[in-house]
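A quick write-up on the structure given underneath.
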Amino acid sequence: MSVAVNVMEMKLKIGLAGLLLIACGDMVSAQRRPNPDPGGNERALTVVTEPNAVVWVDEIRRGTTDAGGTLAQVKVSAGAHTLRVRAAGFKELTMSLTAGQRGEIKARLVRTTDEAELTFQQAETARETARGEEARQKAADLYRQTLKLRPAFPAAHLGLARVLLDLNDINGALAEIEKARRDRAVYPEASAVEGRIYHEGGQTDEAVGAFNRALRESHGFQPEAHVGIGRIYDEKGQYELAAREYQIAINQLSDTEPIIYQLLGAAYEKSGNNKEAIAAYENYLRLAPNGSLAPAVRSIIEQLKAQSPN
């Protein structure tokens, strides 16, 4: 379309490698599946715990607490949920959130001397901050040290699978997914990562199967799998179906991941729906006004508005 669009597409591919974001049958069944989190009954929680703690709700990462140990505006839908909190040097905590809980949630962590857990925490930090092959290899070594200390550690196998994928070791990554399932048979996140591994390896049918397994295991609530299915639809030129999957992922992540708005905007743009594309790109800027892709996104918005002045 233009130089700006080409830059956007190039950077988008780079951004996709870092998705948590960003998890029933075949692709047609995914198309017909109702959105399990339509919104409308959301409540906002404030998690109070240790500083710089990572917070998950229903196994979806929702952010990191500030220097005071607070993470505000954690949006959750109606009903019960599971909260998980991890901070360096502390034992990881999992607790239930009842349907009626609102406002401040206190998650009290206790110190740990468990060497396997401490090494796993180091591995997770190393993987999430790695910016090159050497740093990723260091993260992989830390995961392997963790597994020597505690062989039955599904989350460590999954973390190692993620970093091996980043290192383009497809077979090694798949082997770690298999080991993770050996100790945790139903593991939606592992199935979603397996889908990404197959996708990156060019095995589309296997990727679809893994993403749909993630959705079955999670009863439809697995945004990483929805994004993965959306990308496959996108590559097949089925842009409206891709947009639907991206929108489900956005809803499930409670409107917190700008990268998915980029994907959504691009899908609408390719389908010729400039109005919706503009709205999606503007939502990216709302969430990440100073993001690395913000200049390219602004350029695309200007071009789309020029094409559709009314």
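The values are calculated or read from the model by the stated rules, or taken from the named source; none is laboratory data. For clarity, every value in this text was computed on a predicted model and none was experimentally measured. For neighbour counting, all protein chains shown are included, and Cβ atoms are generated from backbone atoms with ideal geometry for every residue, glycine included. SASA here: full protein model, heavy atoms, side chains in, ligands and nucleic acids out. Shrake-Rupley method; radii C 1.70, N 1.55, O 1.52, S 1.80 Å.
See the values below:
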item: Estimated inter-spin distance, M95 and A185, nm [label 7 Å along Cα→Cβ]; result: 3.2
item: Per principal axis, descending, Cα span of the chain in whole Å; result: 63, 45, 37
item: Anisotropy class of region 229-288 from Cα gyration tensor, a/c 1.5 cut; result: oblate
item: Alpha-carbon gyration tensor eigenvalues x 5, square-rooted, for region 198-310, Å; result: 26, 15, 12
item: Full-stretch length increase - K75, E133 - with 0.36 nm per residue and alpha-carbon distance subtracted; result: 17.3 nm
item: Pairwise label distance in nanometres, K305 with K270, each label 7 Å out on the Cα-Cβ vector; result: 2.6
item: Reduced Cα scattering model of region 53-199, Debye log10 I(q)/I(0), q = 0.12 Å⁻¹; result: -0.54
item: For peptides 79-88, 137-146, sequence by mean Cβ density within 10 Å, most packed first; result: 137-146, 79-88
item: Accessible area, probe 1.4 Å, largest first, for residues R162, R244, R216, R131; result: R131, R216, R244, R162
item: Percent carbon-and-sulfur accessible area, the chain, ignoring ligands, DNA and RNA, probe 1.4 Å; result: 48
item: FRET efficiency, 1/(1 + (r/R0)^6) with R0 45 Å, evaluated for A175 and N290 via beta carbons; result: 0.70
item: Taking N as its residue count, the alpha carbon Rg of region 173-264 over 2.2 N^0.38 Å; result: 1.05
item: Fully extended contour minus Cα-Cα distance, from E42 to R102, at 0.36 nm per residue; result: 20.6 nm
